[in-house]
């Protein structure tokens, strides 16, 4: 088979959803025979082994326990998809959570569907199942997409069709892998959110900014404000120099001012700077990037919810 024909064959297999990949849906053309699923059978639970390339790296113990309790009451209603690897040796393609819960429920055997699958098909099915049925964390999702790109030559469009997401979603998730390792680890562990991560991507030194975000417990809006300040070289979004952020004030006033600026920024979701004059007067500057943000400021000041 030529490279072009092979690529076309792989592409046709994408976008059909997990049921089609498992052999439960008709093929793309009426003239093609429907893929035959392997027979449903019972296998000893110890014959099954997890896939080392499984996209999900962490499993929620509470969720596994809850599923195990359901299995104890109702049994394992949905079979586990496996592929044969040798005598009495089957690799789990889809359903590792069910397998783990079945072990916790002390089942001796589990229902399975056996399919002959390539490494590529196994990777695609595992990714589709995890994305469609149980949310991966953003880094697990990004790693899985990247493996499809690196090892199997998948385009972002093909991945988007396979998992039922938009191409922009795939591109944005993959961009997370450009973060420094400390930020990737923080996102993977849940120490920061996707909103934090997107804001960090726009910073000149995301690793240093991450330390500040974690140390100060900054919200997503505060992190976005930090990114805007970074882009303007420590100035407000309007481009005017912000004396309150660059000039120390005697008597500890500077730290108090900065704290007040942070509080106001958190409330408004915008950059706020306070400038004190020597005579006790001063100014408060609220910087906005869009007219929608200006409209929001006006509504707040006027006490209107319209």
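Quick one: would you say residue 158 is crowded, with 21+ Cβ neighbours inside 10 Å and modelled with pLDDT under 80?
Here the answer is no, as residue 158 does not meet what is asked.
If only one of 259, 237, 244, 266 is loosely packed, with under 13 Cβ neighbours inside 10 Å, modelled with pLDDT under 85 and closer than 25 Å to residue 301 by Cβ, which one is it? Write out each step before concluding.
Numbers: 237 fails: loosely packed, with under 13 Cβ neighbours inside 10 Å; 244 fails: loosely packed, with under 13 Cβ neighbours inside 10 Å; 266 fails: loosely packed, with under 13 Cβ neighbours inside 10 Å.
Just one listed residue meets the conditions, 259.
Of everything in region 181-215 that's surrounded by 15 or more Cβ atoms within 10 Å (Cβ to Cβ) and outside any helix (DSSP H, G or I), which residue is nearest to the chain's Cα centre (by Cα)?
Here the residue is 193.
So which of 82, 93 is modelled with pLDDT of 75 or more, within 30 Å of the chain's Cα centre (by Cα) and within 30 Å of residue 185 (Cα to Cα)?
It is 93.
Residue 157: free of Cβ contacts under 8 Å to residues at least 12 places away in the same chain and within 19 Å of residue 54 (Cβ to Cβ), yes or no?
Against the criterion (free of Cβ contacts under 8 Å to residues at least 12 places away in the same chain and within 19 Å of residue 54 (Cβ to Cβ)), residue 157 does not qualify.
Restricting to region 216-227, name every residue that is within 19 Å of the chain's Cα centre (by Cα) and assigned to a loop (DSSP other than H, G, I, E, B).
Correct list: 219 only.
The values are calculated or read from the model by the stated rules, or taken from the named source; none is laboratory data. Keep in mind that this is a model prediction, so the values were computed, not measured. Cβ atoms come from the backbone with ideal geometry, glycine included; neighbour counts cover every protein chain shown.
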